[in-house]
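Asks: Shown below is the structure under consideration.
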Amino acid sequence: MIRFLDIVRRDLRLALRQGSDSVMVVTFFILTVVLFPFGIGPEASVLERVAPGVLWVTALLAAMLSLDRLFQADYEDGSLELLVLTPTPLELVVAAKVTAHWLTTGLPLLAAAPLLAIFLHLNAAGFGALLLTMLVGTPILSLLGGVGAALVLGARRGGVLLSLLILPLTIPVLVFGVGAIDAAILGMPIGSYLAILGGMLFAALALAPWATAAALRQATE
Amino acid sequence: MHRFANPARFLRIANAVYPWLVAATFLLMAAGLWFALFDSPPDYQQGDSVRIMYIHVPSAWMGMFCYTAMAVFSAMALIWKHPLADLLARATAPIGAGFTFVCLVSGSLWGKPMWGAYWVWDARLTSMLILFFLYLGYMALANAFDDPIRGQKAAAILAVAGFVNIPIIKFSVDWWHTLHQPSSFSLFAAKHSDIAPSMLLPLGLMALACQTYYFMVLILRARAEIASAKIRTIRMAQVHAAGGGE
């Protein structure tokens, strides 16, 4: 557990000192959402109708954008090989790195969400659902993305490839995330959606670090 | 299973089986097409366009079968480091992608006269489209590395991870569809369950033909993969020999 926290702390410190990565991801998120009113027109009723989908899809793309850096820097400077060699289980190392990734990119997306909800005229109920689904959903994206990030280490055009691999696998998160917000806007209960998203989170938590560790082992062989 | 890990033994068996597979594929395909196109009744509602089913449904089955085969081969390769399983998984991917593509195209051609649109966001169509993207991702990853062995291992992990995710995707897509358009294509599901025997015969023949076609092409592709691995080894040996002589 101490090792886990050590790795989280190290990654957080690295991210904070470099600084630009998470800011860029959030800026991308905001900028892409701002493009939509230009694309489909500024009518409040239209924007309100598409807001859940637009917010979730752009959050998905923003998460993809940051994922290729998850293991890349460690892979390039060789510290990944040391992490693989430590007595700490590699699955735990992966969980720590994914946690740090979520704290530096998933959580800032949540912080930017209120602003974007106002831009897209999302009502109060929908806004609450947006925050809840993103809170449960973005860690799944980080976990699934970790598998992809480990698989494309050393590949040509890793970043593009990563999106091609992971985006089809994230469709369930998108379906239930948007479904919950749509239901909330109509005043229906969203507990079942959140329960399913939570189930997916636990399944990803149990399985994804294991697959990521397998991918990291073959990358550092 | 480990008996077949030796490429030479595999090739011997594959070469013996191959002519029979070619004969079976052509016979089954010819018989299936004859029954499908000439000797089966047109549907009372759909007319002759129901004949698209005889290629559409088998290719949909094969699209799913090939992904399962790919995942099983990949798991074998990861667990036992079985060299031929790796090769068979890589050989299966383009065949499966081809069948999925045929299924999508024939489905959209069938959808135009039946539903009035080439594409509908129906749960079945959408899940086949996602399956097609999974194949593309697998092939892109397998070819993205300078070292083919690396690409193969990464792709194997992806195939297994994707296979775990497929039921979740399928289930979520069904859910998503039923939210928006309940039961507009229940005819589609019902037709499969009580299908007339005169239509079942060509459908069965075509399904078997696709299956033997898969094994035929699999052997062809596996032979090519083994040959290219041999060429790679010879080239490496030549390079090393030339380097040592300097």
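The values are calculated or read from the model by the stated rules, or taken from the named source; none is laboratory data. Note that this is a predicted model, so its numbers are computed, not measured. Reconstructed Cβ throughout: ideal geometry from the backbone, glycine too, with neighbour counts over all protein chains shown. Protein only, heavy atoms only, side chains kept; ligands, DNA and RNA dropped before computing areas. Shrake-Rupley method; radii C 1.70, N 1.55, O 1.52, S 1.80 Å.
Asks: Of the residues that sit in region A:86-106 and are over 23 Å from A:S22 (Cβ atoms) and of a type outside the set (A, V, I, L, M, F, W, C), which one is least open to solvent (accessible area, probe 1.4 Å)?
Replies: Within region A:86-106, the match that is least open to solvent (accessible area, probe 1.4 Å) is A:T88.
Asks: Against the definition (modelled with pLDDT of 90 or more and assigned to a helix (DSSP H, G or I)), how does A:A219 come out, yes or no?
Replies: Criteria not met by A:A219.
Asks: Then there is this: What's the number of the only condition in (1) within 14 Å of chain A (Cβ to nearest Cβ); (2) touching a Lys or Arg at 6+ places or on another chain (Cβ under 7 Å) that B:Y118 fails to meet?
Replies: Answer for B:Y118: the failing condition is (1).
Asks: Just to be sure I understand the filter: pairs with C-beta atoms under 9 Å, separated by 6 or more residues or on different chains, first member in region A:154-182 and within 12 Å of A:L65 (Cα to Cα) and at the interface with chain B (Cβ under 9 Å from one of its Cβ atoms), second member among the small types (G, A, S) and outside any helix (DSSP H, G or I). Which pairs pass?
Replies: Here the result reads A:G158/B:A144; A:L161/A:A155; A:L161/B:A144, each pair linking region A:154-182 to a residue that is among the small types (G, A, S) and outside any helix (DSSP H, G or I).
Asks: Please name all residue pairs, on different chains or six or more residues apart, with Cβ atoms under 6 Å, provided the first residue is in region B:146-161 and is more than 7 Å from chain A (Cβ to nearest Cβ) and the second residue is open to solvent by 40 Å² or more (accessible area, probe 1.4 Å).
Replies: Filtered contacts from region B:146-161: B:A156/B:L78.
Asks: Being open to solvent by 50 Å² or more (accessible area, probe 1.4 Å) and of a type outside the set (A, V, I, L, M, F, W, C) is the filter; apply it to region A:71-85 and report the residue that is nearest to A:L151 (Cα to Cα).
Replies: Filtering first and then ranking leaves A:Y75.
Asks: Return the total of residues in region B:157-175 being within 16 Å of the chain's Cα centre (by Cα) and either open to solvent by less than 20 Å² (accessible area, probe 1.4 Å) or not aromatic (F, W, Y) (or both). Full working, then the answer.
Replies: First, the residues of region B:157-175 that are within 16 Å of the chain's Cα centre (by Cα): B:159-160, B:162-163, B:166.
Cutting the leftovers down to either open to solvent by less than 20 Å² (accessible area, probe 1.4 Å) or not aromatic (F, W, Y) (or both) gives us B:159-160, B:162, B:166.
Qualifying residue count for the region: 4.
Asks: Same structure again: Just to check your reading of the model, which residue among A:A111, A:A149, A:A183 is open to solvent by less than 40 Å² (accessible area, probe 1.4 Å) and under 19 Å from the mean Cα position of the chain (by Cα)?
Replies: None of the others qualify; the one that does is A:A149.
Asks: Considering every residue within region A:190-197, establish whether at least one is surrounded by fewer than 21 Cβ atoms within 10 Å (Cβ to Cβ), within 18 Å of the chain's Cα centre (by Cα), within 21 Å of A:A59 (Cβ to Cβ) and touching a residue at least 40 places away in the same chain (Cβ under 8 Å).
Replies: Yes - at least one qualifying residue is present in region A:190-197.
Asks: Going through A:A219, A:A206 one at a time, which residue ends up being of a type in the set (G, A, S) and at the interface with chain B (Cβ under 9 Å from one of its Cβ atoms)? Lay out the reasoning, then the answer.
Replies: Working: A:A206 fails: at the interface with chain B (Cβ under 9 Å from one of its Cβ atoms).
Result of the check over A:A219, A:A206: A:A219.
Asks: Mind checking which helices (runs of 4 or more DSSP H) fall wholly inside region B:119-197 and carry at least 1 residues that are modelled with pLDDT of 65 or more?
Replies: Hits in region B:119-197: B:123-142, B:148-180.
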